[in-house]
Amino acid sequence: MPTPDALAFDVYGTLVDPIGVAVELERFAGAASRRVAELWRQHQLEYTFRLSVMERYQDFEWVTHRSLHQALALAGIELAAGEVDELMASYDRLQRFDDVAEGLDLLREAGHSLAILSNGSPAMLERLVLEAGLRPPIEEVVSVDEVGVYKPSPRVYRHAAERLRRPVEEVRLISSNPFDIIGAEAVGMRTAWIDRSGAAVFDTLGEPPRVVVRSLVELARELA
């Protein structure tokens, strides 16, 4: 039987659906709600990359707030401060993907240790983990806030291995984001790509990892 892994899960886009905020956005953006949600997520990631290159860290709550304002501005939508606060609060209530509860249970039953490794700030992650019912089976929550730089900085993955008390090559990152997979593999971490879009389009900056699955349930079977 294979040795159980230390599994480090990305959160946004892997365990919970950030585009799900489109439901909350419908009150303000109508038919454009999904487009605004996608712009919000796009700029959220872009801002983390830019801040890291500039060596200017701001936590993920700050980034999420600024990227929301950018998405609204691009869509030509003006909201009151209270309405913006309502949308920000929706990030604490993002829904799990349908396979997550069963998949995490199967992985824990197989003896794997389960942790989160996320760009989210500690406060955001604590609220989300509680709302989404992720702990248990999630045991550890590791935020990039602890090192002051965003994925895919090598410092993030090395810090996660230290927190999990494992050599970096004995940790497996589970993520739906190709840039995250490539960053982890660059420091010698094992990986598994959750191809949630089903498009099987990875990233020409690197090769797809050996483990490519569509769900956490499939991942549990693959690792067994």
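The values are calculated or read from the model by the stated rules, or taken from the named source; none is laboratory data. Keep in mind that this is a model prediction, so the values were computed, not measured. Cβ atoms come from the backbone with ideal geometry, glycine included; neighbour counts cover every protein chain shown. Keep in mind that these areas ignore ligands, DNA and RNA; they rest on the heavy atoms of the full protein, side chains included. Shrake-Rupley method; radii C 1.70, N 1.55, O 1.52, S 1.80 Å.
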Going through the range 119-148 one residue at a time, which ones are crowded, with 21+ Cβ neighbours inside 10 Å and either among the acidic types (Asp, Glu) or part of a strand (DSSP E or B) (or both)?
-> 142, 143
Test residue 105 against the stated conditions and say whether it is farther than 26 Å from residue 50 by Cα, at pLDDT 95 or above and not in a helix (DSSP H, G or I).
-> no
Going through the range 12-40 in order, the residues found to be touching a helix residue (DSSP H, G or I) at 6+ places or on another chain (Cβ under 7 Å) and within 30 Å of residue 220 (Cβ to Cβ) are 12, 15, 16, 18, 19, 21, 22, 37, 38
Assess whether residue 40 counts as being open to solvent by 40 Å² or more (accessible area, probe 1.4 Å), aromatic (Phe, Trp, Tyr) and under 21 Å from residue 151 (Cα atoms).
-> no
Selection count where residues are of a type in the set (A, V, I, L, M), open to solvent by less than 60 Å² (accessible area, probe 1.4 Å) and free of Cβ contacts under 8 Å to residues at least 24 places away in the same chain, scope the range 21-36 = 1
Among what's in the range 149-178 and is open to solvent by 10 Å² or more (accessible area, probe 1.4 Å) and among the aliphatic types (A, V, I, L, M), pick the residue that is nearest to residue 105 (Cα to Cα).
-> 164
Result of the Cβ filter at 6 Å on the range 92-106, keeping first residues that are open to solvent by 30 Å² or more (accessible area, probe 1.4 Å) and partners that are of a type in the set (A, V, I, L, M, F, W, C), at least 6 apart or interchain, is 96/16; 96/132; 102/217; 106/220
Quick one: in the range 62-77, of everything that is assigned to a helix (DSSP H, G or I) and open to solvent by less than 60 Å² (accessible area, probe 1.4 Å), which residue is farthest from residue 33 (Cα to Cα)?
-> 63
Going through the range 23-57 one residue at a time, which ones are outside any helix (DSSP H, G or I) and among the charged types (D, E, K, R)?
-> 55, 56
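Look through 110, 80 and report the one residue that is open to solvent by 40 Å² or more (accessible area, probe 1.4 Å) and under 21 Å from residue 219 (Cβ atoms).
Selected residue: 110, the only one of 110, 80 that is open to solvent by 40 Å² or more (accessible area, probe 1.4 Å) and under 21 Å from residue 219 (Cβ atoms).
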Scanning the range 166-219 residue by residue, the ones that are closer than 16 Å to residue 5 by Cα, assigned to a loop (DSSP other than H, G, I, E, B) and of a type in the set (Asp, Glu) total 0
Keeping to the range 190-207, report how many residues are within 15 Å of residue 14 (Cβ to Cβ) and crowded, with 17+ Cβ neighbours inside 10 Å.
-> 5
When only residues in the range 43-69 that are in contact (Cβ under 8 Å) with a residue 12 or more places away in the chain and polar (S, T, N, Q) count, which is farthest from residue 149 (Cα to Cα)?
-> 67
Meets criteria (buried (at least 16 other Cβ atoms within 10 Å of the Cβ) and charged (D, E, K, R)) for residue 59 = yes
Answer with yes or no whether residue 184 is in contact with a helix residue (DSSP H, G or I) (Cβ under 9 Å, 6 or more places away or on another chain), more than 22 Å from residue 20 (Cα to Cα) and crowded, with 21+ Cβ neighbours inside 10 Å.
-> yes
